[in-house]
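Some notes on the structure that comes next.
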Amino acid sequence: MSGDVKVGHPDPARLYTLMSRLTIIVAATRSNGIGQNARLPWRLPKEMAYFAQVTSAAPEGAANALVMGKNTWESIPSKFRPLKKRVSIVISSNRDYQLYALPPGSETPNPPIYLHCDLNSALKRASSSSSGEPKIHRSFVIGGASLYAEVLNLPPSSPAFVDRILLTRIISPAFEDCDVFMPDFSAGEGWAQALHAELRTWVGFDVPEGIQEEKGVQYEFQMWVREL
């Protein structure tokens, strides 16, 4: 692994840990399709701008953590990796996986990138900050499907727990060729759709209400919350 990437082996003496509330952020069809051939089936610049604004917004001196699997990391165009102003936490069973190669003489990414080999250590990193690094403000899980399923199954008693989903519901077309799906979280106990005003308050900026249309695709910004 190149020296610019930090492998996740947190030192408890250097970290402060809080109970971590995880937020899933995802765009999914009515049948919960989220991908096709390892790519998004749609190209929606305004929806992507929403994702960027939500996941980047943090107080001064802090940054949000983005927890993702290796395939999700690789699906991000290389020119955009790492995502700016956010701490990238990538999970791969291959501890020698090379996340990112900097040209000679370049500075180490700030915020940093971390590679973790399992979910538990990745979530510990997402709820902690090392000395001299940005404080973690919010922790977002951004994919893929197996990671969504794994974090949704975490019990409320675990150190990290999904209590919120920012869902861009793709209404039409149906994108029937999707070959990757997220779990049907709404079938689980305790989930309810929040009012749009609550979504605006939580993200901290105005979000268009109702059905939006972009490039022939209709979608709606939603927030779902899980009562403990």
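Summary table
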{"read-out": "Extreme residue, farthest from the chain's Cα centre (by Cα), among residues of the range 123-160 that are modelled with pLDDT of 95 or more and in a loop (DSSP other than H, G, I, E, B)", "value": "GLY144"}
{"read-out": "Hits in the range 41-70 - residues which are more than 17 Å from VAL26 (Cβ to Cβ) and free of Cβ contacts under 8 Å to residues at least 24 places away in the same chain", "value": "GLU60"}
{"read-out": "Near pairs, Cβ below 6 angstrom, 6+ apart or cross-chain, from the range 108-120 (over 18 Å from GLU60 (Cα atoms) and of a type in the set (Phe, Trp, Tyr)) to any residue that is at pLDDT 90 or above and crowded, with 19+ Cβ neighbours inside 10 Å", "value": "TYR114/ILE89; TYR114/ARG125"}
{"read-out": "Failed condition for SER146, given (1) surrounded by fewer than 17 Cβ atoms within 10 Å (Cβ to Cβ); (2) over 18 Å from ALA122 (Cα atoms)", "value": "(2)"}
{"read-out": "Some residue of the range 91-101 being under 14 Å from the mean Cα position of the chain (by Cα) and part of a loop (DSSP other than H, G, I, E, B)", "value": "no"}
{"read-out": "All positions within the range 203-224 that are crowded, with 17+ Cβ neighbours inside 10 Å and not in a loop (DSSP other than H, G, I, E, B)", "value": "VAL203, GLN212, VAL217, TYR219, PHE221, MET223, TRP224"}
{"read-out": "Subset of the range 153-211 (residues that are under 20 Å from ALA27 (Cβ atoms) and of a type in the set (Val, Ile, Thr))", "value": "VAL162, ILE165, THR168, ILE170, ILE171, VAL180, VAL203, VAL207, ILE211"}
{"read-out": "Single match in GLY144, GLY132 (criterion: closer than 27 Å to PHE221 by Cβ and of a type outside the set (Phe, Trp, Tyr))", "value": "GLY144"}
{"read-out": "Residue selected from the range 178-193 under the condition under 20 Å from ILE142 (Cβ atoms) and surrounded by 13 or more Cβ atoms within 10 Å (Cβ to Cβ), by the criterion modelled with the lowest pLDDT", "value": "PHE185"}
{"read-out": "The range 199-228 residues that are closer than 21 Å to ALA57 by Cα and in contact (Cβ under 8 Å) with a residue 40 or more places away in the chain, paired with ones that are charged (D, E, K, R) and assigned to a helix (DSSP H, G or I) (beta carbon under 6 Å, 6 or more apart)", "value": "VAL207/ARG200"}
{"read-out": "Residues (modelled with pLDDT under 95, assigned to a helix (DSSP H, G or I) and surrounded by 12 or more Cβ atoms within 10 Å (Cβ to Cβ)) located in the range 1-55", "value": "ARG14"}
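The values are calculated or read from the model by the stated rules, or taken from the named source; none is laboratory data. Computed from a predicted model, the values in this text were never measured in an experiment. Cβ coordinates were reconstructed from backbone atoms using ideal geometry, including for glycine residues, and neighbour counts include every protein chain displayed.
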